[in-house]
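Taking it in order: structure first as structure tokens, then the write-up.
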Amino acid sequence: MRIIVIGASGQLGKQVARLAAGAAHDVLGWSSRDVDVTDEHAVAAAIEAARPSVVINCAAYTAVDAAESDYRAAAAVNVSGAGNIAAACTRSRAHLIHVSTDYVFPGDAREPYEPGSRVGPRTVYGQTKYAGELAVHAVLPSAHIVRTSWVFTGTGSDFVATMLRLERERDTLRVVDDQWGSPTYSVDLAAGLVELATSRRAGPLSTQQATSTAQEGTILHATNSGITTWWGLAREVFAAAGADPERVQPCSTAEFPRPAPRPASSVLGGESWRAAALRPLRPWRDAVREAVRVAVADPQRMIVSESP
């Protein structure tokens, strides 16, 4: 099976390409340098030439705060780019798996969000990601949209890597304890996306098959199981690194205002993933421990960056 991974230089796309290749699939990993997703003709020509069975779109404008003052840049990738990829997949009869986010929801629910829950994005990032979902399904109803949240790898500037760096630099630190979500290890999510790509529900579709698949419901939620706050996640990172988690002190969102409002609760329900007969992602604590173990074993992966 030929799989194209778009956004292959990002933390999720890199893992998807690695795992798909490791499973002996024919994988093409494209970064923004290879194909500009905002260029409709370039996307169409590249996908037509490659003739993939499945395209996994991990490309996104994810700078949540910067998007508040740069709608055009965010929309170019998250809306136009997503639509361009979907249109190209339609013409090439390739199945599309498009990665989206918990930010499409308002973040005020007391129960986990399911695919059919009321959307209501409160940030430019969330608005453009939801508009991207609509753009995808407008031209390719059979595409799978996979929403996820709090993605980490333990490298670069992600939350887990930042906590590991701050553990070395500070005696104590304060982390918000009134935002709830489900941390998601990029390696685990990538494995789930590859499983979805190679399942009986993916692959090139006839018109009749596409209509049937669209009717089954094509939005899924995938996160590691369990919920916590950013404070709880930070404490787990410290503990996994052999540091005292009591050094992490709780604070409120109001004490750290950001340009883009953060959701109080962005917990995604996992019923849709299980209903699709896909392997549930493991508990988030187990995933954090593995990410920390890998990061500590290879310090070069932990690139110094500014704290969020």
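Throughout, read-outs are computed from the coordinates displayed, never taken from laboratory work. Please read these numbers as outputs of a predicted model, since none were measured by experiment. Positions of Cβ are generated from backbone atoms using ideal geometry, with glycine treated the same way; all protein chains shown enter the neighbour counts.
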Nearest-ten-degree value, helix 186-198 long axis tilted from longest Cα axis of the chain: 20 degrees
Whole-Hz ³J(HN,Hα) from phi, Karplus 6.51 cos²θ - 1.76 cosθ + 1.60, for region 257-269, glycine and proline x: x, 10, x, 9, x, 8, x, 5, 9, 10, 6, 9, x
Rounded tilt (10° steps) of 124-139 against the dominant C-alpha axis of the chain: 20 degrees
R0 of 30 Å, Cβ-Cβ distance Phe256-Val294: FRET efficiency to nearest 0.05: 0.55
5 angstrom amide H check on His98, placed H, neighbours 5+ away: Asn57, His144, Ile145, Val146
Amide H contacts under 5 Å for Gln249, placed H, 5+ residues apart: Leu173, Arg174, Val175
DSSP bridge orientation in the chain - percent antiparallel, rounded to nearest 5: 5 percent
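Rounded to the nearest 500, what is the 222 nm mean residue ellipticity of the chain from helices alone, with -39500 (n - 2.57) per DSSP H run of 4+ residues and division by all residues?
-12000 deg cm²/dmol
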Highest average packing first - 115-124, 274-283, Cβ atoms within 10 Å: 115-124, 274-283
Efficiency of FRET from Cβ geometry, Arg118 and Glu68, R₀ 30 Å, rounded to 0.05: 0.85
Shape of the chain, Cα gyration tensor, a/c cut at 1.5: prolate
Helix axis angle, 11-22 relative to the chain longest principal axis, alpha carbon, degrees: 60 degrees
Estimated FRET transfer efficiency when R0 is 22 angstrom, pair Glu111-Arg282 (beta carbons, to 0.05): 0.45
Tensor-based shape of region 26-154 (alpha-carbon gyration tensor, a/c under 1.5 rounded, otherwise prolate or oblate): prolate
